[in-house]
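Chemist: First the structure, which I've put down as structure tokens, then a few questions once you've had a look.
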Amino acid sequence: MQRIVQDQSDAVTGTEAQGAKRRFSLPLKTTILVVFFLTTVPFLIAIIQINYRSSERVVRAHAGEMVERFRTETIREVVSEFETLTSLITTTAELGRRAPDLFTDSRALSYFFTMLSHSETLLNVYVGTEDGAFWQARHIHDPEAEIHGSVPPKGAKYAYRLVEPNKGPPVLDRYIFLDAEQTVLGDASAVSGYDPRGRAWYNMAANTSGTVITDPELFWAFGLVGFTVAAPYHIDGQLTGVVATDVTLDRFSRYLAEKPVSPNSLSYMLDDRGLVLAASDGTTHFGNDNDRVALSHVADVENRVVSMAYSQRHDVHGDEVFNFTYEGQEFIVALSSFQEKLGKPWRLMVITPLSDFTAEFNTSNRLMLIIGLAAVAIQLMTITIIASYVASPLQRLSRKVARIQSLESASDITLVRSRVREVAVLSQAIETLDTAVQAFARFVPVALVRQLLEADQKLELGGQSRFLTILFCDVEAFSTLAERIAARDLLSRVSALLGVVTHRVHEEKGTIDKFVGDGVMSFWGAPAPLEKHAFHACVSALAIQRDLEGLNQNWRDTDVPEMRLRVGIHSDVVLVGNVGSQERMSYTVLGDGVNIAARLEGCNKLYGTDICISHDTFREAGDQLCVRPIDELQVKGRRALVTIYELLGAHGVGAAFEPSEETLEVARLTRRAFDAMVAGDKTSALAAYRDVLAKRPNDPVASRHVKRLEERADNMTLQDNTPEVGDV
């Protein structure tokens, strides 16, 4: 047993060593480039070392540059967004001035619809006139929200809103609902006192000569908070109306979230009082006090880093960049003003953890490498092209070899062709190897093939002693069956049976040793060590018998004779390895334990059982098996008697193998009878075996022992006629 443990340890150590070699190997292309660098630019090592010491400074500079670029681009994008809206509204207002009747009929709505359908930014577009009229095209933001007491029609994407005092009284606030193709789906109206001239956006624009941007306000029709961009238009110097559009604050929050300066950065748009207008983390909250909007203050943000960063600022209104530390983590904070470019006292605050830039820690080294390698750039490109040309087919071949090594067919990977002669020859050789290995794996245990492919050792004759479990199985009365069935049908049935055996052995991590006519020899615990190998072998035997019953059921339906399989299992120390000659060898097991397993299979015929196991197997598998003792037999070459058992079931491996209450009772009664027989108590043994027959009248084991006990002479001991395994 110590030798076995040492062998297993050596195998594990060898596997780890092989794995280490593969882990530290380099691809061909990488190897070529590494050699080129090591032989061409060794003087750069000193420069890299010096540059490494200054990496922290470079990281900080890079982080500051990224933050500066982000805030510049963000301000430009936000300002550009407002400039676009301002230009759009200014142009629309100018159109109203040049075409006075445009905003007095439905043409205005069609024009607004066109603007709305071509912009994701606009929430709505509308015009209010000096006579109190109001024309609006808007998105249906919430299809379930009621408008004038009813929800919009199904499929409504847009709506026209009209307030026309000249058609009253009463003055109606009317909605016309449209789908995406501008098809009218329905309308809704109600008496309204709405007058655009009383709105803040109207009065703010009317009191200026240009386009204005309002402070944040609550859009009651949408339940959203945002800004209004408005522009007046005049005819003959008289104010005629105001054109406007609404933009929600969440539009800017989405923009900040979509373009972070780093993975964990935070961006906020604040007004001059520190109120949050937009936030990249979606923590913006709005309240309202009647028509007044109540924005959250930056100090109330749940993330304390934000409020702490804001409290560390020095310039209340201008631009600044500074660093601060919170809970051991350093942050870069940048504040930028919109005042100059937008005319609003708003500020952009960007907070970036310095740790986000540690991935750029080697920027300085790479820059120095680029400078040092500039002189050899042409050579490097040439080497890279050549390496790629050679390595590309080799990489494909490597993947194919990996598939072969794992015993997966690599036929789906096409033949690798190359103008390099050696690569072409290697490709053809690997094709041949794939075919050979796939064929080899069908005649040799798959685990052994995989072990041979993964090891660096040659295939040699020899073996080692291991404690294994061996299983023999054979078809009962095969000769008689062969006389009753046509040869082709017999071959088909035997193949189906052997397929079941092979599947169940492999499923329980066993190794098929050989097929002997209608019989199979298999073993557990080699080539790879296996815990509970005896138990796996027993479960495999039970599964084989269960599957055979399924085959027999099909054959009964077709009026074909059934097949019965006898199984013998024994656990012992045997010699396992490559046996044969240098020209041809077989991976198999040898030893007295193999002979015992074969003879146990024959014991089934003597006792009428299906699965016969040795005491060594029962002892190795433990209490998970349900067995009953059959008899004590004399093995040739051994003085001690060998106790054999019938395998009836197994615990903990599924309901199909759990023994029934009747089976458990039969096993208990048989054990009592066997113990009495071994103790020499003929009377008790006979009575107990008769109890078994009372439970199971046709029980072959009990029937045989009752007959033996009744016929045996009173003066003869129970061991006198003990069968010998070699005689079976």
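Chemist: Got a sec? What order do 533, 139 fall in by accessible area at 1.4 Å, biggest, i.e. largest, first? Write down the numbers at each step before the final one.
Modeler: Working: 533 15, 139 50 Å².
In descending accessible area the options line up as 139, 533.
Chemist: Go through 400, 514, 154 and list them by solvent-accessible area, largest first, probe radius 1.4 Å.
Modeler: Numbers: 400 5, 514 75, 154 200 Å².
I get 154, 514, 400, largest accessible area first.
Chemist: Quick check: Cα centre of segment 660-700 to Cα centre of segment 135-174, how many Å?
Modeler: The two parts, judged by their Cα centres, are 93 Å apart.
Chemist: A follow-up question, please. Normalising by the residue count of segment 153-240, find the relative contact order in percent from Cα pairs under 8 Å and 6+ residues apart.
Modeler: 18
Chemist: Within segment 299-334, which GluC sites (Glu not before Pro) sit in a loop by DSSP and count at most 10 neighbouring Cβ atoms inside 10 Å?
Modeler: Passing both the DSSP loop test and the Cβ count: 302, 327.
Chemist: For segment 453-606, evaluate the Debye formula with one uniform point scatterer on each Cα (no solvent term) and list log10 I(q)/I(0) at q = 0.09, 0.11, 0.14, 0.19 Å⁻¹, rounded to two decimals.
Modeler: For segment 453-606 at q = 0.09, 0.11, 0.14, 0.19 Å⁻¹, log10 I(q)/I(0) is -0.32, -0.47, -0.73, -1.15.
Chemist: Among 648-658, 681-691, 243-253, 578-588, how do they line up by average Cβ neighbours within 10 Å per residue, starting with the highest?
Modeler: Values: 648-658: 14.7, 681-691: 17.8, 243-253: 22.9, 578-588: 12.6.
Result, highest mean Cβ count within 10 Å first: 243-253, 681-691, 648-658, 578-588.
Chemist: In Å², what does the accessible area per residue of segment 614-673 work out to with a 1.4 Å probe? Mind showing how you got there, number by number?
Modeler: Working: 2810 Å² over 60 residues.
Value for segment 614-673: 47 Å² per residue.
Chemist: Moving on to the next point. With all protein chains present, calculate the accessible area of residue 121 using a 1.4 Å probe and round the result to the nearest 10 Å².
Modeler: Per-residue accessible area (residue 121): approximately 20 Å².
Chemist: So what's the net charge close to residue 264: Lys and Arg +1, Asp and Glu -1, counting the other residues with Cβ under 13 Å from its Cβ? Walk me through the numbers on the way to the answer.
Modeler: Values: positive: none; negative: 281, 330, 356.
Computed value for this residue: -3.
Chemist: Follow-up question, since we're still on this one. Say the dipole of segment 617-675 comes from +1 at the beta carbon of Lys and Arg and -1 at that of Asp and Glu; which of 643, 655, 673 then lies farthest toward its positive end?
Modeler: After comparing all options, I get 643.
Chemist: Percent relative contact order of segment 456-521, based on C-alpha pairs within less than 8 angstrom and at least six residues apart?
Modeler: Once normalised by length, the contact order is 41 percent.
Chemist: Next question. Using a 1.4 Å probe and counting only protein heavy atoms, arrange 381, 66, 521 so the residue with the most accessible area comes first. Please report the intermediate quantities before stating the final value.
Modeler: On the way: 381 120, 66 50, 521 10 Å².
Result of the area sort, largest leading: 381, 66, 521.
Chemist: Taking a probe of 1.4 angstrom, what is the accessible area of residue 665 in Å², to the nearest 10?
Modeler: Rounded to the nearest 10, the figure is 50 Å².
The values are calculated or read from the model by the stated rules, or taken from the named source; none is laboratory data. Everything numeric here is computed off the predicted structure, so don't read it as measured data. For neighbour counting, all protein chains shown are included, and Cβ atoms are generated from backbone atoms with ideal geometry for every residue, glycine included. With ligands, DNA and RNA removed, areas are computed over all heavy atoms of the protein, side chains included. Shrake-Rupley method; radii C 1.70, N 1.55, O 1.52, S 1.80 Å.
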